[in-house]
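A short reminder: the numbers here are calculations on the coordinates, not readings from a lab. Note that this is a predicted model, so its numbers are computed, not measured. Cβ placement follows ideal geometry from the backbone for every residue including glycine, while neighbour counts extend to all protein chains displayed.
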Amino acid sequence: MNLVQDEFAIYFEYDLAAPPNKLPNSTRFILISDTHNRTFDIPYGEILIHAGDLSTLSNIEYGVTANWLASSSCPSKVIIAGNHDIMLLREGYPYTNGSWNLSHSDPDAIHFLCGIQGVTNGVYYLQNNTREIGIDRKTWKILGSPLYPSRRPTKHTAMKALQTVSSFEPTDVLITHGPPRNILDKTQSNLHVGCIELTDALPRLRPKLHVFGHIHESRGFQVVHYDNGDYTIHVNAANSPVGGHYVNDKDKDYNLHAVIVDIVNL
């Protein structure tokens, strides 16, 4: 499941010991999501992106993930929170349902992931804001948001989603935890559960790359082309199994490769 073109390349399947050669004059993005406190080998790329759900139920220590990201050879690491990462969120997120056990936290690890210590180690935490990262002569504007669809949509959650998405400005790279509606968002029940408001905003935002996860079973990529020649590479980079397999296999080596995306520095 790979695609190589003149302006970009997408690799889901490759030999981790010998990753594919990078496209000339390009930036290599390494994409992961929904790792749920798991670690695995990550290939080199200029920018590593984690699209949320670093933890399992937010009551575990983040030290494993913090050390894992710190040890990565990727010089820049951009992360967002997912629905399991309540302790990373600076404010309660409007789509969060239920009560979470916030005990047994690791303040040092959380500070590393979200604070100035992380920045000094090339870790950038985004929550509805942007970060610019320079690679050679190219500057990439990256917007990150923990946006994900509500399990029980209401007028209130729809309005919150609209308010969040309306604040987004056009960007080179968009990271959301959840998918847009009808793009890599189909569940095991054959339902499309992505965010409608996000789908509606995409023609305005037109990122070159959109990274998300959340719907594990829809891992994959889809390239959307626009009339003027613009395109968006959508990647569901979820690294965990789905449904009951998550419970049954949580102590096994089930993780999938990180996704590699090269985009030419135009």
Legend entry - Phi-based couplings in Hz for the range 114-130 (Karplus 6.51, -1.76, 1.60; Gly and Pro marked x): 10, x, 5, 4, x, 4, 5, 9, x, 9, 10, 9, 10, 9, 6, 8, 10
Inset, instruction - With r as the distance between the Cβ atoms of ASP227 and PHE40 and R0 = 41 Å, compute the FRET efficiency 1/(1 + (r/R0)^6) and round to 0.05. - result: 0.55
Legend entry - the range 1-61 versus the range 172-246: alpha-carbon centroid distance in Å: 16 Å
Inset, instruction - Provide the packing ranking of 187-197, 71-81, 207-217, i.e. peptides ordered by the mean count of other C-beta atoms within 10 Å per residue, highest first. - result: 207-217, 71-81, 187-197
Legend entry - Hz values of 3J(HN,Hα) by residue in the range 203-216 - Karplus curve (6.51, -1.76, 1.60), Gly and Pro given as x: x, 7, 7, 6, x, 5, 9, 10, 10, 7, x, 6, 8, 4
Inset, instruction - Read phi for every residue in the range 219-233 and hand back ³J(HN,Hα) as whole Hz from Karplus 6.51 cos²θ - 1.76 cosθ + 1.60, θ = phi - 60°, with x for Gly and Pro. - result: 3, x, 9, 8, 9, 9, 9, 10, 4, 8, x, 5, 8, 10, 8
Inset, instruction - Taking H placed 1.01 Å from N in the peptide plane, check which residues at least 5 places from ARG219 or on another chain put their amide H under 5 Å from its amide H. - result: none
Inset, instruction - Let me know the shape class of the range 146-237, please: from the alpha-carbon gyration tensor, a ≥ b ≥ c as square roots of the eigenvalues, rounded when a/c is under 1.5, otherwise prolate if a/b is greater than b/c, or oblate. - result: oblate
Inset, instruction - May I ask you to sort VAL173, VAL119 by Cβ crowding, counting other Cβ atoms within 10 Å and putting the fewest first? - result: VAL119, VAL173
Inset, instruction - Please report MET159, MET87 as a ranked list, fewest other C-beta atoms within 10 angstrom at the top and most at the bottom. - result: MET159, MET87
Legend entry - Spacing of the two label points (7 Å from each Cα toward its C-beta) at THR56 and ALA70, in nm: 2.2 nm
